[in-house]
Amino acid sequence: QVQLVVPVAVVFGPGSVPGDLPRPLPFRDVQEMEISVNLRTSVTARYEMLYRSTTGQEEAALAAATAREADAALHLLQDTTLGSLTVYVVPETSSLLPQGVSVYVGKHHSALVRAGGSLAALQARLREVAQVMSFTASSIAAALSDRVPDGQLSPEARRYLKSSLGYEITFSLLNPDPKSHSVDWDIEGAVNRYVKPVLDKLSLVANFSVDSQILYYAVLGVTPRYDKESSSFLLSAHSLPHVINPVEARLGSSAASLYPVLNFLLYVPERSHSPLYIQDKDGAPVSSNAFHSPRWGGIMVYNVEAPASPQASLPLHVDVDMARVMEVFLAQLRLLFGLSREEVPPEFLLERPGNEGLADWELDHLLWAHTVENIATVSTTLTSLAQLLDKIGNIVIKDDVASEVYQAVASVQSAVTELSLGHLHAAFQASKEAVTSSERAFFDPSLLHLLYFPDDQKFAIYIPLFLPMAVPILLSLAKIVRETRQRKKEPTKMD
């Protein structure tokens with residue numbers, strides 16, 4: 001049974017304390033929520049609230065002109081432990097929050113909330129804030145998608161990447177018509193400027209490696225439809241799944257990879273199919289001219305402007321606008337990691353993460369989900385190993401395999417304990433160690449099923465070998481027995 005404990009500090013600013021508090025500040029309160037995954041599995045979410053008043057420094061920070069400035073000033077004063085949240089309650093009339101906004105979620109581990117009048121209204125809002133900044137029932141269900149019954153999981157949850165110790169990211173430029181287009185992209189500079197800050201932040205979650213390639217004469221495999229009205233070529237939504245397979249055969253990046261590979265493809269259409277636009281299910285053009293595939297990556301179509309004069313010399317030199325391209329690819333990367341901001345209530349205002357690509361609380365969101373998923377993975381792996389050992393009675397368990405199993409069990413128990421104490425970082429590290437140990441034990445070469453086989457297989461192998469030899473031996477034995485019996489029956493001659 002897994003219990004997720006989120007420490008939440010609720011800090012009341014001047015003039016924001018509700019009149020119906022049960023006891024004087026400071027005091028503690030606990031809210032619990034049961035997340036049911038299937039008939040046998042459920043996860044308990046426990047929000048441990050500490051209600052208190054602001055300190056002098058926090059009051060000064062809350063006197064800032066804008067919510068962004070207040071968030072930056074408060075970040076220096078608050079607890080920065082992973083998984084912990086601080087919610088500052090401001091008066092209903094506060095000008096810190098824009099009109100129509102009741103909750104402001106900053107870039108770090110804090111949020112600003114308008115006082116709701118009564119404690120009950122405030123607590124309902126606090127629960128919403130805590131779920132947005134830590135985990136929701138849907139994010140936990142997505143992490144445990146293997147255990148969720150079919151039909152109960154949303155399509156969005158199925159696009160999230162599975163938890164892994166590492167990921168490989170490949171950026172590919174597809175130029176199907178190099179005779180017409182000479183494409184130049186500064187991928188190294190773009191990765192250093194746009195991708196590296198995001199991966200530095202995500203380095204706590206997993207190891208990342210990035211590479212790039214240019215593929216010539218690589219076509220999409222789907223012939224786009226020509227539209228006379230717009231004088232352009234169109235790719236409809238239902239044809240997009242058929243685009244990936246022909247291209248993937250050329251990529252060759254996932255063949256020798258230990259970790260999941262994320263493919264981000266920039267496709268420059270050939271001159272005979274330019275300009276090329278992607279349509280959504282309703283037939284409207286997609287603004288980004290890109291699409292993504294769950295747990296695989298994304299493809300962006302980059303159209304080249306036709307030359308002003310038809311006599312222009314070929315190939316045309318094309319400089320790719322990497323800022324526009326990376327904006328799309330980073331948005332797709334966030335979607336693949338389940339960091340979509342679409343499910344937020346309308347009265348919430350979320351601060352943009354800036355150059356880092358994701359806020360501190362979004363990193364926590366990932367860590368919560370991956371920790372729960374790792375615990376479930378270890379449970380499944382060890383159960384499968386135990387069932388395998390039960391089926392093959394003559395299997396030999398070496399000491400190093402046994403020690404890995406013991407290590408996995410100890411680490412996963414440690415992760416569950418740390419989660420129940422609200423120590424997210426320690427729990428995540430323990431869950432990673434548990435996954436590593438359980439995988440080592442399960443895939444140990446000494447447990448290969450080819451080394452061990454059941455008794456009926458032994459009979460099937462050895463009887464054809466020994467039967468031809470056994471027949472003359474058995475006949476000889478029978479003859480010896482017969483002769484012995486006859487000798488006993490014959491009367492002995494007496495002199």
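Run down Ala284, Ala369 and say which single residue is surrounded by fewer than 21 Cβ atoms within 10 Å (Cβ to Cβ) and not assigned by the TED database to the domain that holds Ser110.
That would be Ala284, the only listed residue that is surrounded by fewer than 21 Cβ atoms within 10 Å (Cβ to Cβ) and not assigned by the TED database to the domain that holds Ser110.
Does the range 228-248 contain at least one residue that is in the same structural domain as Ser313 (by the TED database), closer than 16 Å to Ser272 by Cβ and aromatic (Phe, Trp, Tyr)?
Taking every residue of the range 228-248 in turn, at least one turns out to be in the same structural domain as Ser313 (by the TED database), closer than 16 Å to Ser272 by Cβ and aromatic (Phe, Trp, Tyr).
Leu314 versus (1) assigned to a helix (DSSP H, G or I); (2) open to solvent by 40 Å² or more (accessible area, probe 1.4 Å); (3) touching a His at 6+ places or on another chain (Cβ under 9 Å): which is the lone unmet condition?
(1)
Just to confirm my filter: which helices (runs of 4 or more DSSP H) fall fully inside the range 127-221 and include at least 1 residues that are under 13 Å from the mean Cα position of the chain (by Cα) and not assigned by the TED database to the domain that holds Asp364?
Output list reads 137-143, 196-202.
Sort through Ser272, Ser287 and tell me the only one that's more than 30 Å from Ala137 (Cα to Cα) and at pLDDT 85 or above.
Ser287
Scan the range 205-225 for residues that are open to solvent by 30 Å² or more (accessible area, probe 1.4 Å) and either more than 14 Å from Gly283 (Cα to Cα) or small (Gly, Ala, Ser) (or both) and report the count.
14
Would you please list the contacts, defined by Cβ atoms under 8 Å and residues six or more apart or on different chains, that run from a residue in the range 3-29 that is at positive phi to a residue that is assigned to a loop (DSSP other than H, G, I, E, B)?
Pairs that qualify, where the first residue is at positive phi and the partner is assigned to a loop (DSSP other than H, G, I, E, B), are Gly15/Pro91.
Leu82: modelled with pLDDT of 85 or more, assigned to a loop (DSSP other than H, G, I, E, B) and over 19 Å from Glu128 (Cβ atoms), yes or no?
When the stated conditions are applied, Leu82 passes them.
In this structure, does Leu258 turn out to be in the same structural domain as Val328 (by the TED database), among the hydrophobic types (A, V, I, L, M, F, W, C), open to solvent by less than 50 Å² (accessible area, probe 1.4 Å) and in contact (Cβ under 8 Å) with a residue 12 or more places away in the chain?
For Leu258, the condition - in the same structural domain as Val328 (by the TED database), among the hydrophobic types (A, V, I, L, M, F, W, C), open to solvent by less than 50 Å² (accessible area, probe 1.4 Å) and in contact (Cβ under 8 Å) with a residue 12 or more places away in the chain - is not met.
Search the range 119-160 for residues being open to solvent by less than 20 Å² (accessible area, probe 1.4 Å) and of a type outside the set (A, V, I, L, M, F, W, C), and hand back the single one that is modelled with the highest pLDDT.
Ser134
Identify, from the list Arg295, Arg250, Arg225, the residue that is charged (D, E, K, R), modelled with pLDDT of 85 or more and over 30 Å from Thr371 (Cβ atoms).
Answer to the check: Arg225.
Does the range 453-461 include one or more residues that are assigned to a helix (DSSP H, G or I), within 33 Å of the chain's Cα centre (by Cα) and either without any contact (Cβ under 8 Å) to a residue 12 or more places away in the chain or closer than 30 Å to Val43 by Cα (or both)?
no
If we keep just the residues of the range 43-64 that are acidic (Asp, Glu) and open to solvent by 10 Å² or more (accessible area, probe 1.4 Å), which is nearest to the chain's Cα centre (by Cα)?
Looking at residues that are acidic (Asp, Glu) and open to solvent by 10 Å² or more (accessible area, probe 1.4 Å), I get Glu48.
Does Glu48 meet the test of being free of Cβ contacts under 8 Å to residues at least 40 places away in the same chain and in a strand (DSSP E or B)?
The answer is no for Glu48.
Could you list, ordered by first residue, the pairs with Cβ atoms under 9 Å in which the first is in the range 331-344 and within 12 Å of Ser293 (Cα to Cα) and the second is hydrophobic (A, V, I, L, M, F, W, C) and in a loop (DSSP other than H, G, I, E, B), at least 6 apart or interchain?
Filtered contacts from the range 331-344: Leu333/Leu339; Leu336/Leu161; Leu336/Trp296.
Output the qualifying pairs, or none if there are none: Cβ atoms under 6 angstrom, residues six or more apart or on different chains, first residue in the range 107-121 and within 13 Å of Ala67 (Cβ to Cβ) and in the same structural domain as Val6 (by the TED database), second residue in a loop (DSSP other than H, G, I, E, B) and small (Gly, Ala, Ser).
Lys107/Ala359; Arg114/Ser102
Report, by residue number, each residue of the range 65-92 that is more than 25 Å from Leu204 (Cβ to Cβ), in contact (Cβ under 8 Å) with a residue 24 or more places away in the chain and open to solvent by 30 Å² or more (accessible area, probe 1.4 Å).
Within the range 65-92, Thr66, Pro91, Glu92 meet the criteria.
Which condition number does Lys398 fail, the rest of (1) surrounded by fewer than 16 Cβ atoms within 10 Å (Cβ to Cβ); (2) at pLDDT 90 or above being met?
Among (1) surrounded by fewer than 16 Cβ atoms within 10 Å (Cβ to Cβ); (2) at pLDDT 90 or above, the lone unmet condition for Lys398 is (2).
Criterion first (part of a helix (DSSP H, G or I) and out of contact with any Ser or Thr (no Cβ under 8 Å at 6 or more places or on another chain)) does Leu358 satisfy it?
The answer is no for Leu358.
Considering (1) assigned to a helix (DSSP H, G or I); (2) exposed (fewer than 10 other Cβ atoms within 10 Å of the Cβ), say which one Gly393 fails and leave the rest.
With respect to (1) assigned to a helix (DSSP H, G or I); (2) exposed (fewer than 10 other Cβ atoms within 10 Å of the Cβ), Gly393 is out only on (1).
How many residues does the range 429-450 hold that are under 23 Å from Gly393 (Cβ atoms), assigned to a helix (DSSP H, G or I) and open to solvent by 100 Å² or more (accessible area, probe 1.4 Å)?
2
The values are calculated or read from the model by the stated rules, or taken from the named source; none is laboratory data. Remember, it's a predicted structure, so these values are computed and weren't measured experimentally. Neighbour counts are summed over all protein chains in view; Cβ atoms, including those assigned to glycine, are modelled from backbone coordinates with ideal geometry. Only protein heavy atoms, including side chains, enter the accessible area calculation; ligands, DNA and RNA are left aside. Shrake-Rupley method; radii C 1.70, N 1.55, O 1.52, S 1.80 Å.
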